[in-house]
Amino acid sequence: MAKKKSEEKSQQQNGDSKNEKEVNYDEEPNFSDPEGYVDNISDEELLADLLEQKPKETNGVECVIVVDGVPKVGPERVDKLKTVLYKTFGKVGNVRNEYYPVDEQGHTKGYIFLEYSTPQQAAEAVKMINNIKLDRNHTFKVNLFTDFSKYEQIPDEWSPPEPRPYQGQTDLYQFLLEPDAYDQFGVVTQDNTVQIWQNTQPDPTLVEERTNCTQVLIKWSPLGTFLSTFHQRGIALWAGPNLTQYKKFLHDGVQFIDFSPCEKYLVTCSTMPMDYQDNNRIIIWDIRTGLEKRSFSPEGSSTWPIFKWSHDDRYFGRIVNDVLSIYETPSFGLLDKKSIKNPGIRDFSWSPTDNILAFWVAEDNNVPVCVTLLQIPERIEIRKKNLFNVADCKIHWQKAGDYLCVKVDRYSKVKKERNETKYSGMYCNFEIFHMKEKEIPVDSVENKEPIQAFAWEPVGNKFGVIHGENPNINVSFYEVRAGQAPVLLKKFEKRACNHLFWSPRGQFVVLAGLGANGGGSLEFVDTHDFLVMNTTDHFQMSDVEWDPTGRYVVTGVSHWKTKVDTGYWIWSFQGKILKRVNVDKFGLLLWRPRPRSLLSEEKQKEIKKNLKRYYAQFESKDRMRQSKASKELIEKRASLMDKWNSYREERLRHFLEVKAQRLALRNNIDTDELDADSDNVEEEMVEFFIKEEVTVLE
């Protein structure tokens, strides 16, 4: 309407100007409205965009938060307190103003006021930092400044709140509902492109592809629920049908992460300088809420993961300066408020099925090495084993928790030079602890050759050892039985391998040669009868990954190892090559893990026993997968064939119905077939010369 009136004014002025012969440019134009003009356009309609930026009286108040639980310090420590608090609250947003109330002596009063740039940042600070512990005696209580006026205006009469509309949560386990139970795997290339593939047959299907999705690599959570990506500002978790963003964890410079076994907690480690975040470079987060539970400084061992978790997420621990510290969740406090002090403690590991940890203590003068099994939280030592002439130990748990193997590197001679200890005459022992038997008996397996690799069978009671030096590298397989010492089942001699990878379902194993000395050799072995199913190679191979079902193996050549022929190959568990995929600047491939089955062991045994019932169905699907045509194309062809058959039958029926009419039109002569009227048919025979052959008989 305003536009229309302005056009009318301009037309009127143009008309007046035409009537004037001379125009005086020195006179100032008159932009005032004529008498009687009524402006019925509101400011909100005319200047909507500008009015949104108009300052409001409450803008400054809505950006202010009140923080209680702040330490009370003297004037000499106020600057240090401000530095610590700024690093905590500065992660959320830009802190524009701060106010620290003090008493007459200059001591802080235990609460402060902070002003952010926007109300959204203030609300985020309340959400993220409220109830976070600063130290043992101080816990932050964060509120918006506007909450005080809101709570002062509470009405005397209470009225029930209106119910909020239901918003469904993302289905985190949608990937398990695939009808044919196809597994997924993630691929990362050097340009930070992340691809999620479905391992369909005969060719994998691309599910998701995102460029610049991560800056380093990706990692699946232990149960396959979340996909984690690395960024400059922290870690992002993706989940759900289309892998939408689930949570963000702000932690600058994160290079290492670790999940707890039940996916309740996430551990992040930053590589920023020590003074960047007040030495707290390790943070433990609650995955469901996205809140920081506790932070630590990277003291002691630098081997990742620094924290090791129990199987049920109830406890986690680490070793710092000969002290084993066990923490409990969800309080994240020290168990029984005291650590386990044991001079010389070197390493520990949790049982995969029980709250039992194994640790070993190094030799000290005349005190031998001791391997101890400790039950948590009671701290009861359920087994001890003393060992002599030990240089190093490695702890290996069987996946079912039935057995524990301690690989012991022993020496026959030791020599100390300055600050270095040199060992000679090295040999190895495997100490096998029978965890499920009374008093936990221990058996020993000795090997005089250098050990290249050791691995338990995930499902079963066998373990494999690669021992020896080039060119005489051997592979030995042992079986552990209840009440008996380990039995040597098979020994393969002179093998070109330095790693062994068991199938997640057991029985099958891949002997691989990785690295510059491995040559990329591959050997697929069935340990049921120790049949070598195939021997092949993948030149410059850097990675070997089994899928969760144990049906497929992927070997990859990463651009981090070499710059040519990068990509991955997919094999069957028998060593048959199924797919070769060459990817420029290929980084890594990771299979998406599966959670544990919800079926009981009895139900699983029943299904395995009756598998023959499903053979026909499985074979039919396998034949369709082996065909080059897809399932959809075969169904389309079958549908077209059905339509053609129905159409042909309809035409034949109509052809027979009008036969009487054809006979009437043709003087009752049946011309439907050639031999129906033999009198009017002439037969002619034509001969063609095709070929002449001459055979000479001697």
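Could you identify the single residue in GLU479, GLU469 that is modelled with pLDDT of 90 or more, closer than 30 Å to THR536 by Cβ and either among the basic types (Lys, Arg) or surrounded by fewer than 17 Cβ atoms within 10 Å (Cβ to Cβ) (or both)?
Numbers: GLU469 fails: modelled with pLDDT of 90 or more.
The match here is GLU479.
Apart from one condition, LEU334 fits all of (1) among the hydrophobic types (A, V, I, L, M, F, W, C); (2) modelled with pLDDT of 90 or more; (3) within 29 Å of ALA455 (Cβ to Cβ); the exception is (3). Residue count for segment 179-208 under the criterion of being under 20 Å from PRO222 (Cβ atoms) and surrounded by fewer than 17 Cβ atoms within 10 Å (Cβ to Cβ): the result is 1.
The condition of being more than 30 Å from THR83 (Cβ to Cβ), touching a Phe, Trp or Tyr at 6+ places or on another chain (Cβ under 8 Å) and crowded, with 21+ Cβ neighbours inside 10 Å does not hold for GLY240. Taken together, ILE283, ILE235 contain a single residue that is assigned to a strand (DSSP E or B) and within 18 Å of LYS133 (Cα to Cα), which is ILE283. Give segment 331-348 a look and list any residue that's in contact (Cβ under 8 Å) with a residue 40 or more places away in the chain, more than 16 Å from LYS384 (Cβ to Cβ) and surrounded by fewer than 17 Cβ atoms within 10 Å (Cβ to Cβ), or say none. PHE332, ASP336, listed by residue number.
Only a single item in (1) open to solvent by less than 60 Å² (accessible area, probe 1.4 Å); (2) at pLDDT 90 or above is not met by ASP622, and it is number (2).
Reported count of residues in segment 376-425, each being in a loop (DSSP other than H, G, I, E, B), more than 18 Å from HIS311 (Cβ to Cβ) and open to solvent by 90 Å² or more (accessible area, probe 1.4 Å), is 3.
Would you point out which residue out of LYS82, LYS72 is touching an Asp or Glu at 6+ places or on another chain (Cβ under 8 Å), outside any strand (DSSP E or B) and open to solvent by 40 Å² or more (accessible area, probe 1.4 Å)? Lay out the reasoning, then the answer.
Working: LYS72 fails: touching an Asp or Glu at 6+ places or on another chain (Cβ under 8 Å).
When all the criteria are applied, what remains is LYS82.
Run down THR108, THR139 and say which single residue is of a type outside the set (Phe, Trp, Tyr) and open to solvent by 40 Å² or more (accessible area, probe 1.4 Å). Break it down stepwise before answering.
Working: THR108 fails: open to solvent by 40 Å² or more (accessible area, probe 1.4 Å).
The match here is THR139.
Looking for whichever is of a type outside the set (Phe, Trp, Tyr), open to solvent by 100 Å² or more (accessible area, probe 1.4 Å), at pLDDT below 85 and under 30 Å from THR205 (Cα atoms) here; the options are GLU635, GLU693. Which one fits?
Numbers: GLU693 fails: under 30 Å from THR205 (Cα atoms).
After ruling out the rest, the residue left standing is GLU635.
Within segment 461-487, residues that are over 28 Å from LYS436 (Cβ atoms) have Cβ atoms under 6 Å from residues that are of a type in the set (Gly, Ala, Ser) and open to solvent by less than 30 Å² (accessible area, probe 1.4 Å) in these pairs: ASN474/GLY468, counting only partners at least 6 apart in sequence or on another chain.
Within segment 321-330, being open to solvent by 90 Å² or more (accessible area, probe 1.4 Å) and among the polar types (S, T, N, Q) holds for one residue alone: ASN321. A Cβ distance below 9 Å, combined with a sequence gap of six or more or placement on separate chains, defines the contacts here; from segment 353-377, residues that are under 25 Å from LYS337 (Cβ atoms) reach residues that are of a type in the set (Val, Ile, Thr) and part of a loop (DSSP other than H, G, I, E, B) in the pairs ASN355/ILE376; ILE356/ILE376; LEU357/ILE376; LEU373/ILE440.
Selection of segment 546-598 for residues being assigned to a loop (DSSP other than H, G, I, E, B), open to solvent by less than 40 Å² (accessible area, probe 1.4 Å) and among the hydrophobic types (A, V, I, L, M, F, W, C) yields only VAL583.
Here is a yes/no grid of residues against (1) assigned to a loop (DSSP other than H, G, I, E, B); (2) open to solvent by 70 Å² or more (accessible area, probe 1.4 Å); (3) at pLDDT 95 or above:
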site	(1), (2), (3)
GLU446	no, yes, no
GLN484	yes, yes, no
ALA496	yes, no, no
ARG505	yes, yes, no
VAL510	no, no, yes
MET541	yes, no, no
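Against the numbered list (1) more than 23 Å from VAL216 (Cα to Cα); (2) out of contact with any Phe, Trp or Tyr (no Cβ under 8 Å at 6 or more places or on another chain); (3) open to solvent by 30 Å² or more (accessible area, probe 1.4 Å); (4) among the hydrophobic types (A, V, I, L, M, F, W, C), MET272 comes up short only at (1).
The values are calculated or read from the model by the stated rules, or taken from the named source; none is laboratory data. If you're wondering where the values come from, they're calculated on a predicted model, not measured in any experiment. No Cβ is skipped: glycine too gets one built from the backbone with ideal geometry, and neighbour counts run over all protein chains shown. The area values use the complete protein model at the heavy-atom level, side chains included, leaving out ligands, DNA and RNA. Shrake-Rupley method; radii C 1.70, N 1.55, O 1.52, S 1.80 Å.
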